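Below you'll find the structure, written out as structure tokens, and then a few comments.
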Amino acid sequence: DQILNGRGLLKGKKVLITAGGTREAIDPVRYIGNYSSGKMGYAIARAALREGAMVHLISTNPPLPHPEGADMEYVSSAVEMKQAVDRQYDTSDVVVMAAAVADYRPAAVADQKIKKETMTSPDLKLTLNPDILLGLGERKQNQVLVGFAAETNDVIAHGREKLVRKNLDLLVANDVSSPESGFHVDENQVSLLTPDGHVSSYPRMAKEDIGTLIIEKIASIMK
Ligand code: CTP
Ligand code: CA
């Protein structure tokens, strides 16, 4: 009864998905963010649910509708997302890191609102965030590990490098150089890369259909 339209391809499997852009606090009222909408991760969550999976969705985007049947968890920063992901990792069969994780965060978070008069220098010091997916790849057991690479140039080459470096089973590379695909919009243009060297490139499609495509690819990898 939980399996709507799907063929039960992920029945009984636990799928952990992250979605949206992280927010890195500067002070209580300001943050550094990015343009990720979370739509791609939510579409993957719905596709996994249709295939009968148990879905744990870690999101930074409360305004998006809760995919029915998903176990939701909301986080804000990359460090919080890492803690949430790490708690679920050992019991997950599949992990899809669709979130746009900020590479850097402010080195210090002011505990009170920064006033422009008291700021001696407007320079913001940044520090590197942990790479969540790299950490998962290093201690992978039987999980199918899926990463994304949003690129503006040399999409396949950059995607291949990330697939290998992060020890992934599938990498979804998308070209964000055109305004019709990628951030903000409901469509995307992706290529799926696997460790055997295979690349499948798809035309511009609705994110909802790309979600289905990715879940079907994951199910075929698990067989
Ligand atoms: N990722 C992550 N933790 C980070 C940065 C990225 O888990 N701190 C994940 C993303 O969710 C994505 C994949 O790694 O699935 C690739 O992210 P991307 O930003 O394209 O790669 P980076 O390794 O950060 O390299 P760069 O930004 O320099 O291209
Ligand atoms: Ca990055």
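The values are calculated or read from the model by the stated rules, or taken from the named source; none is laboratory data. These figures come from a predicted structure and were not determined experimentally. Every residue, glycine as well, gets a Cβ built from its backbone with ideal geometry; the counts of neighbours run over all protein chains shown. These accessible areas exclude ligands, DNA and RNA; they are computed on the full protein's heavy atoms, side chains included. Shrake-Rupley method; radii C 1.70, N 1.55, O 1.52, S 1.80 Å.
At-a-glance table
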item	result
Taking the C-alpha atoms of the stretch 73-160, convex hull volume expressed per residue in Å³	142
Over the chain, relative contact order from alpha-carbon pairs under 8 Å, at least 6 apart, %	20
Among Ser191, Ser77, Ser178, residue whose mean-square fluctuation peaks in a GNM of the chain (springs only between Cα atoms under 10 Å)	Ser178
In range of the label at Asp154: residues from the stretch 185-199 whose backbone nitrogen is under 15 Å from the point 7 Å along Cα→Cβ	none
Cα centre as origin, Lys/Arg/Asp/Glu Cβ charges: the chain dipole, Debye	240
Fluctuation leader among Leu64, Leu168, Leu124 - the chain, Gaussian network, Cα springs under 10 angstrom	Leu124
Packing-based order for 18-25, 209-216, using average beta carbon neighbours within 10 Å, highest first	18-25, 209-216
At R0 = 25 Å, FRET efficiency that the Cβ-Cβ distance of Asp103 and Asn142 yields, to 0.05	0.30
Probe 1.4 Å, protein heavy atoms only - accessible area per residue of the chain in square angstrom	52
For the stretch 95-205, convex hull volume per residue from C-alpha positions, Å³	157
Given charges at beta-carbon only (K, R positive; D, E negative), |dipole| of the stretch 1-117 in Debye	260
Rg followed by Dmax, in Å, when the chain is reduced to its Cα trace	17.9, 62
Point-charge dipole on Cβ atoms (K/R +1, D/E -1) for the stretch 1-67, about Cα centre, debye to 20	240
10 Å binning of all Cα-Cα separations within the stretch 154-215, expressed as whole percents from 0 upward	23, 52, 24, 0
Gain upon complete extension [Asp90, Leu128; 0.36 nm per residue less C-alpha separation]	11.2 nm
Normalised convex hull volume, the stretch 1-75, alpha-carbon set, Å³ per residue	80
Stretchable slack from Ser76 to Glu180, in nm (0.36 nm times residue separation minus alpha-carbon distance)	34.7 nm
Most mobile of Glu117, Glu51, Glu208 in a GNM of the chain (Cα contacts under 10 Å)	Glu117
Computed lengthening from Glu117 to Val199, 0.36 nm per intervening residue step minus Cα-Cα distance	24.1 nm
Two-site FRET efficiency, Ala110 against Glu68, from Cβ-Cβ distance with R₀ of 45 Å, rounded to 0.05	0.70
